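The structure appears below as structure tokens.
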Amino acid sequence: MQKFSDFLEEQLKDPEFRKEYEAIQPEMAVIRALVDARISQNLTQKQLSERTGINQADISKLENGTRNPSLNMLKRLADGLDMTLKLEFIPKQKA
């Protein structure tokens, strides 16, 4: 059975695939950060919802990538996780 990392590496050789994959990375980073922070505190989506006042269904949509959060929503989530939101602009890597 092929590992996902091997499959991804092969797919990234296709310039069109690579462009699309790289385009979604900021959204994926937000999703990973949210899920990792929530799980690290052993919180369910419902518990995070109760802490933030954000509907559990909306948290679920954020985590599965069907909704993009506003900056205000990210701040509320960070507060609910007792964390500070940090947003960075990082120079692109030169190819």
Past the 31 Å Cα-Cα mark, which pairs from LYS19/LYS46; LYS3/LYS92; LYS46/LYS92; LYS19/LYS75? LYS19/LYS46; LYS46/LYS92
May I have the extent of the alpha carbons of the range 25-80 along their three principal axes, as whole Å values ordered from largest to smallest? 28, 21, 18
What's the angle, to the nearest 10 degrees (0 to 90), between helix 25-40's Cα axis and the longest principal axis of the chain? 40
Where Lys and Arg each count +1 and Asp and Glu each count -1, what net charge lies around THR52 among other residues with Cβ under 13 Å from its Cβ? +1
Could you derive backbone 3J(HN,Hα) for the range 15-20 from the dihedral phi with the Karplus parameters 6.51, -1.76 and 1.60 (θ = phi - 60°), listing whole Hz in sequence and x where the residue is Gly or Pro? x, 5, 4, 4, 4, 5
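Here, each number is a calculation from the coordinates, and none is a lab measurement. As the structure is a prediction and not an experimental result, all values here were calculated from the model. FYI the Cβ positions are ideal-geometry reconstructions off the backbone, even for glycines, and counts take in every protein chain you see.
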